[in-house]
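Colleague: Provided herewith is a single structure, encoded as structure tokens, for subsequent inquiry.
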Amino acid sequence: MKSLRQLFFIVLIVGCTSHQSYCGDTLRFDDRVYEQVLHTPLLEPENEPQGEPIYRLGSNERLVLRFDLLEDDSRELAYKIIHCDPDWRPSTISEYEYLSGFTTDRITEIRHSLNTITGYWHYSLKLPNEQINPSLSGNYLLVVYDVRNEEDLLLSRRFRVVEPLVEIDANAHRATRIEWRNSHQEIDFKVGLGTLNIAQPYSEIRVELVQNGDASRSIKTLKPLTANGKLLDFDLDEGNVFEGGSEFRPLDLRTSRFLTGSIARFEPSDGYHPAVAYLKPDTRTASQRHSARDDLNGRFAVLTYEGRDPHLEGDYTRVEFLFKTSDLFFSHPVYLYGGFRDYRTEAETRLAFEADSVRFTQSLLIKQGYYDYRYVTLAPDGTISTLETEGSHYETRNRYDIFVFWTPPGARYTRLVGHVRRNAGGF
């Protein structure tokens, strides 16, 4: 019989849509913030800034979780991790089967900000650690909650643990089909099964392709073109194709002492409220040719020119985004989009149209650092696209992750047995 704790995670409460950013105590199995006081969550490899939250089972690699609470007093917070299937649903195995050590622990690395107008408490955590250590490969959800009440949620983050048992030979290139050649990118690959004893590869093996770590830009339905012995061939012409999009737009907030990049002017802090950064007008680029530009493939970095520790000394700035276009009406709503908001289309990132000045605007509180962002549209069926706002080009530099999952016959959980990353664009 399952415990109440297990039932809490197996039964997903439907009541918080993908367009809401703060969901109270409703746990969602994705990257999500549950309280408005929590800002700048970041989960990345310890030795790979801006990397995806992935590490190899049994290695010395670790992930680092960071976030800020914009409150006067610190809180005692705890965390736990939940093993998931490839669709990010809780596995049926118990936490004692996939964890070595304890099942929950407190976050003890807590420090207050230094010399900032906006005061905050900075929390950090490294995984795995002596208290909690995943013992199986697969998808995992990290959940942070108030120590006084396990259902008082603050944060959830996805991460993956890989046991490399297969070989993946991959190539990301310009789409093959004529109608997509100028706008899309194709990822062809082969999976060598090595010593794995797999009788039914079409049912036991499952793959996932992800563009720039964005869960909304993933493909999970691919089947191999051929399965010959120990080799699965995914050299396809459709199904494994992504919009190339455009390079992300940069936002440089590393200092407020001088203007950088896209910032038109600063309104300094009055000592009580954060400074305000007014950006130069962004314009629609959908009809323009590809423009090469270095970016972080949608991610962000907490950085500052002043001070030694940007995570403690980085201040918060109110950023005023401005999107001007002669096309007053798009077919779908327009949103600010990027890893700094978990690639989420929500009320806080939807652009407001100001008819009197013929522009779209949005205002967000953002910590000092370097950020990537785009403008996207959201269709009623949930499709997110850059075709109307930024355009889509085969030359755009993107990062693709390929994951290979294995569910042996009769197994009670799915193993993550392969991962490789390939860069596309710049052709």
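Any read-out appearing in this document is the output of simple, stated calculations on the displayed coordinates, not a laboratory observation. Every value quoted in this text rests on a predicted model; they were computed, and no experiment measured them. Cβ coordinates were reconstructed from backbone atoms using ideal geometry, including for glycine residues, and neighbour counts include every protein chain displayed.
Colleague: Starting at the first residue of region 148-165, write each ³J(HN,Hα) from the Karplus equation 6.51 cos²θ - 1.76 cosθ + 1.60 with θ = phi - 60°, in whole Hz, x for Gly and Pro.
Modeller: Result, ordered by residue: 7, 8, 4, 9, 8, 7, 10, 7, 9, 9, 8, 8, 9, 10, 10, 10, x, 10 Hz.
Colleague: Filter the cross-link list 190/220; 126/367; 80/126; 220/367 down to pairs whose alpha-carbon distance in this structure exceeds 24 Å.
Modeller: Checking Cα-Cα distances, 220/367 exceed 24 Å.
Colleague: Taking 0.36 nm per residue of sequence separation and subtracting the Cα-Cα distance, how much length would be gained by fully extending the chain between residue 379 and residue 412, in nm to one decimal?
Modeller: Between residue 379 and residue 412, full extension yields 8.2 nm more.
Colleague: Can you tell me the relative contact order of region 249-385? Whole percent, Cα pairs under 8 Å, sequence separation 6 or more.
Modeller: Over region 249-385, the number comes to 30 percent.
Colleague: Continuing with this model, one more query. With θ set to phi - 60° and the Karplus curve 6.51 cos²θ - 1.76 cosθ + 1.60, what are the ³J(HN,Hα) couplings of region 115-126 in order, to the nearest whole Hz, using x for Gly and Pro?
Modeller: 6, 10, 5, 8, x, 7, 9, 9, 10, 9, 7, 10
Colleague: If you stretched the chain out fully between residue 202 and residue 169, how much longer would it get, using 0.36 nm times the residue separation minus the C-alpha to C-alpha distance? Working shown, then result.
Modeller: On the way: separation 33, 0.36 × 33 = 11.88 nm, distance 1.85 nm.
Extra length from residue 202 to residue 169 when fully extended: 10.0 nm.
Colleague: Tell me the Kirkwood hydrodynamic radius of region 249-385 in angstroms, computed as one over the mean inverse distance between distinct C-alpha pairs. Intermediate values should be presented prior to the final figure.
Modeller: Numbers: mean 1/r = 0.0627 Å⁻¹.
Every distinct Cα pair counted, the radius reaches 15.9 Å.
Colleague: Normalised by the residues of region 306-427, what does the relative contact order come to in percent, with Cα pairs under 8 Å and at least six apart?
Modeller: Values: 183 pairs, mean separation 26.1, N = 122.
Once normalised by length, the contact order is 21 percent.
Colleague: What's the FRET efficiency of residue 56 with residue 289 using the Cβ-Cβ distance as r and R₀ = 60 Å, to the nearest 0.05?
Modeller: Once rounded, the FRET efficiency stands at 0.90.
Colleague: Mind putting together the pair-distance distribution for region 4-162? All Cα pairs, 10 Å bins, whole percent per bin, short to long.
Modeller: Values per bin, smallest distances first: 10, 41, 37, 11, 1.
Colleague: Moving on. Set the Förster radius R0 to 25 Å, insert the Cβ-Cβ distance between residue 152 and residue 273 as r into 1/(1 + (r/R0)^6), and round the FRET efficiency to 0.05.
Modeller: FRET efficiency, residue 152 to residue 273: 0.30.
Colleague: Which of the GluC sites (Glu not before Pro) found in region 104-176 are loop residues per DSSP with 13 or fewer other Cβ atoms within 10 Å of their Cβ? Don't jump to the answer; show the numbers that get you there.
Modeller: Numbers: sites: 109, 130, 150, 151, 167; in loops: 130, 150, 151.
Sparse-neighbourhood loop GluC sites (Glu not before Pro): 130, 151.
Colleague: Could you give me the ³J(HN,Hα) list for region 168-177, computed from phi with Karplus coefficients 6.51, -1.76, 1.60 and θ = phi - 60°, whole Hz, x at Gly and Pro?
Modeller: Here the 3J(HN,Hα) series is 10, 10, 10, 9, 9, 8, 4, 4, 7, 5 Hz.
Colleague: What are the residues whose amide H is under 5 Å from the amide H of residue 56, where those residues sit 5 or more places off or on another chain and H is modelled from the backbone?
Modeller: Residues meeting the criterion, in which the H sits 1.01 Å from N, are 61, 162.
Colleague: Calculated from the structure, Rg and Dmax of the Cα atoms in Å equals which of (1) 25.5, 86; (2) 22.1, 69; (3) 31.5, 100?
Modeller: Looking at Rg and Dmax of the Cα atoms in Å for this model, the match is (2).
Colleague: A further question follows. Longest exposed-loop-site-free stretch of the chain, with trypsin sites (Lys or Arg not before Pro), DSSP loop and at most 15 other Cβ within 10 Å?
Modeller: 309-411
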